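What follows is a short report on a single structure.
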2 protein chains.
Amino acid sequence: MKKSILRSRIIQIFEKHKLSKKHSKVCADYLIKAELVEARSHGLTRLKMYCERIQKKLINPKPKIKIKRISSSISYIDADNSIGFISADIGIYQAIKNAKNTGLGLVAVKKSGHFGLSSFYAEQAVKKNLIVFCFTNAPPALAPYGARKSLFGTNPICFGAPVGKVPFILDTSTSMINRGKIRHANKFGKKIPYGVALNKFGKITTNAKEALKGTQLPIAGFKGSGLAWMVDILSGVLTGSSHGGKTKDPFDDFSGPQNVGHLFITIDPKIFIGKRYIQEMKKNIRLIKRLPKAKGFSSILYPGERKNKLYKKNLNRDISIPKKILQEMDELNAI
Amino acid sequence: MKKSILRSRIIQIFEKHKLSKKHSKVCADYLIKAELVEARSHGLTRLKMYCERIQKKLINPKPKIKIKRISSSISYIDADNSIGFISADIGIYQAIKNAKNTGLGLVAVKKSGHFGLSSFYAEQAVKKNLIVFCFTNAPPALAPYGARKSLFGTNPICFGAPVGKVPFILDTSTSMINRGKIRHANKFGKKIPYGVALNKFGKITTNAKEALKGTQLPIAGFKGSGLAWMVDILSGVLTGSSHGGKTKDPFDDFSGPQNVGHLFITIDPKIFIGKRYIQEMKKNIRLIKRLPKAKGFSSILYPGERKNKLYKKNLNRDISIPKKILQEMDELNAI
């Protein structure tokens, strides 16, 4: 489908679900961006879920978002159960503003929801020449080290830094693979890789449905479990949002709003060494790219480069949409 | 050896190496602390190395440390090639002060050296009721994903949060195991675990000497490599310190000072939800500890608990010191 047509259709669907024109546009752009970077698990496959949660009054289509100024560096946002895209969009905008003013920004968002990829927000800060951390929590998917039941989300660690050209953006879940990929595999009847998830009896499984009922494995055992716990504290406990396994699964828990929390930290990289920052950063990338390559590698990519290549490749192409999702879109548009 | 006697002897050794009494005490306490938490690879085994670098004028025993105030939240410290313990000690003190004043602190340290365990500094901030990140870089040990040569250090990610009792402190290298453990195995002729390092031909090795000449493996491939890169940017590039594989190995590179960088971020967790923070944090820990246990586990520990137990266990015991190190201490004391 042509991107412009797809965009209009998504906007129309969100407007039918009572989102303002402005918010509908923001959400459409983030969903399309996920498709362009081929993170399909965070794209159109979630449109039906967002709309269902609006219909069930678990996402507030007309949120009254309050931004509380704590200092010129620190802000606290009550997202009033808005769709995650909108609150995170406002959150990162504020975090950028704070760091531009003072060199350092910290923004907490509470009462939010799933916001797509963390890298969407990191990228905005990096394009304004800032270093950035984005943290968000997610529904239970990972067992803490020593437990046999899921509690942490796949809790990504997202970090961005300006490089002078393609942003350096690391966006890594603390699980072996992200949950969206398992959901996507489940939706389309595909297998998942070996060694990334256990079934509910604690056995390794490659069946996506069984994995969703079981638990995902963290990276590096105790280390990955600890990193997921860190993200739970930063985005859940600190922001006054859900934590400790209480974040609701947006796909199958309709007992209340998700109450996801986000935390953004922004740093002006020029505060310590001025313009030398960008020179040193370029040198850093150059030194690493020049290393002798491992077998099977023709180049060394920094985090963010691969997604950027996909984005550029897909930017002027039509977006191919599976029949199942086209059908969902027709149904959502018909209400 | 009795702890008080050991302490006096270390202080004496550092004073003979021209450190001030005050600095000698600080360094002795950090070295003993490493022994107490059984992180032997960061304890007395390094004493000789520190002294050698002082003798070779690569560590400055009488540093003129400058603290530049950038804002009430942000400070920049030039450590003048001091021993890492001293500059990091001053760095975390300043970061605590800044967060106590403004809710948020950011302190960069340049021209520093190896500072022991990151958790030593995180703990100080947590005991002052702050959330904290400590980042530091290290000499080449890990190959970036796609390369066959070491460049990143084992670059730990250290995060701390107040819990109301034993501090939550995650201190995790981005390598499968920390380099100090491999050095320790090498010093005492022990084997290292399978699958944590490659020899210089790119083959897995359990020989510590071969591993030191080869490269260590990051946790979770591209993810761990990206996290190590993040730490290199934060503690190296941003602070104006060495980066991109230029951090000198303290044990065998005497061509100049290490120029290690540290970055401390401190957050007052009460800024968003006030006293509720500590209640929610306790709830978080309680929820997780109550989960059904995996096979072989009788309890779920949060990061920091294990080290704290070791510390308490060893606090009133004598410290056992290998003959080899006793001999080194005698030699260092005889200069």
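The values are calculated or read from the model by the stated rules, or taken from the named source; none is laboratory data. Only a predicted model underlies this, so the values are computations on that prediction, with no experimental measurement involved. With ideal geometry, Cβ positions are generated from the backbone for all residues, glycine too; neighbour counts draw on all protein chains shown.
Here is the figure for the range A:300-316: residues that are more than 20 Å from A:Ile157 (Cβ to Cβ) and more than 7 Å from every other protein chain (Cβ to nearest Cβ) total 8. Evaluation of A:Arg317 against the conditions (1) part of a loop (DSSP other than H, G, I, E, B); (2) closer than 30 Å to B:Leu106 by Cα shows that the sole unmet condition is (2).
Return the residue satisfying two criteria in turn: it lies in the range A:156-172 and is at pLDDT below 95 and not small (Gly, Ala, Ser), and of such residues it is nearest to the chain's Cα centre (by Cα). Reasoning before the result, please.
Step one: of the range A:156-172, the residues at pLDDT below 95 are A:156, A:164-165, A:172.
Imposing the further condition that a residue be not small (Gly, Ala, Ser) reduces the set to A:156, A:165, A:172.
Values: A:Pro156: 8, A:Lys165: 22, A:Thr172: 10 Å.
Of everything passing the filter in the range A:156-172, A:Pro156 is nearest to the chain's Cα centre (by Cα).
Only one of the listed residues (A:Phe222, A:Phe264, A:Phe254) is in contact (Cβ under 8 Å) with a residue 40 or more places away in the chain and crowded, with 24+ Cβ neighbours inside 10 Å. That residue is A:Phe264. Against the list (1) in contact with a Gly (Cβ under 6 Å, 6 or more places away or on another chain); (2) more than 7 Å from chain A (Cβ to nearest Cβ); (3) modelled with pLDDT of 95 or more, the condition B:Ile285 fails is (1).
If only residues of the range A:88-109 that are under 17 Å from the mean Cα position of the chain (by Cα) and surrounded by fewer than 24 Cβ atoms within 10 Å (Cβ to Cβ) are counted, the one that is nearest to the other protein chains (Cβ to nearest Cβ) is A:Ile90. Residues that are among the small types (Gly, Ala, Ser) and without any contact (Cβ under 8 Å) to a residue 40 or more places away in the chain: does the range B:154-171 have at least one? No, the range B:154-171 has no match at all.
Filter the range B:191-201 for residues that are surrounded by fewer than 13 Cβ atoms within 10 Å (Cβ to Cβ) and assigned to a loop (DSSP other than H, G, I, E, B) and give the result.
If we filter the range B:191-201 for residues that are surrounded by fewer than 13 Cβ atoms within 10 Å (Cβ to Cβ), which is where we start, we get B:191, B:193-195, B:201.
Passing the criteria: B:Pro193, B:Tyr194, B:Gly195, B:Phe201.
Residues of the range A:225-246 that are more than 7 Å from chain B (Cβ to nearest Cβ), in a loop (DSSP other than H, G, I, E, B) and touching a residue at least 24 places away in the same chain (Cβ under 8 Å): A:Ser241, A:Ser242.
For residues that are assigned to a loop (DSSP other than H, G, I, E, B) and in contact with an Asp or Glu (Cβ under 9 Å, 6 or more places away or on another chain), scanning just the range A:252-279, find the one that is farthest from the other protein chains (Cβ to nearest Cβ).
Result: A:Phe254.
Could you identify the single residue in B:Phe115, B:Phe85 that is assigned to a loop (DSSP other than H, G, I, E, B) and under 11 Å from the mean Cα position of the chain (by Cα)? After ruling out the rest, the residue left standing is B:Phe115. Residue-level analysis places B:Glu280 outside the set of residues that are among the acidic types (Asp, Glu) and either farther than 30 Å from A:Ser75 by Cβ or within 18 Å of the chain's Cα centre (by Cα) (or both).
For A:Lys312, the conditions (1) without any contact (Cβ under 8 Å) to a residue 60 or more places away in the chain; (2) under 24 Å from B:Ala108 (Cα atoms) are fulfilled apart from (2).
Considered as a group, the residues in the range A:1-52 that are of a type in the set (Lys, Arg) and more than 26 Å from A:Lys312 (Cα to Cα) include one that is surrounded by the fewest Cβ atoms within 10 Å (Cβ to Cβ), and that residue is A:Lys21.
Entry remark, the range B:288-299: residues being more than 8 Å from every other protein chain (Cβ to nearest Cβ), more than 15 Å from A:Ile233 (Cβ to Cβ) and not small (Gly, Ala, Ser) number 1 in total. Is it the case that the range B:197-204 has a residue that's farther than 16 Å from B:Gly153 by Cα and among the β-branched types (Val, Ile, Thr)? Checking the range B:197-204: at least one residue is farther than 16 Å from B:Gly153 by Cα and among the β-branched types (Val, Ile, Thr).
Somewhere in the range B:134-155, is a residue outside any loop (DSSP other than H, G, I, E, B), within 9 Å of another protein chain (Cβ to nearest Cβ) and crowded, with 23+ Cβ neighbours inside 10 Å? Yes, there is a match, as at least one residue in the range B:134-155 is outside any loop (DSSP other than H, G, I, E, B), within 9 Å of another protein chain (Cβ to nearest Cβ) and crowded, with 23+ Cβ neighbours inside 10 Å. Of all the residues in the range B:32-87, those that are of a type in the set (A, V, I, L, M, F, W, C) and free of Cβ contacts under 8 Å to residues at least 12 places away in the same chain number 1. Taking A:Leu315 as the residue in question, decide whether it is closer than 30 Å to B:Gly245 by Cβ and hydrophobic (A, V, I, L, M, F, W, C). Answer is no for this residue.
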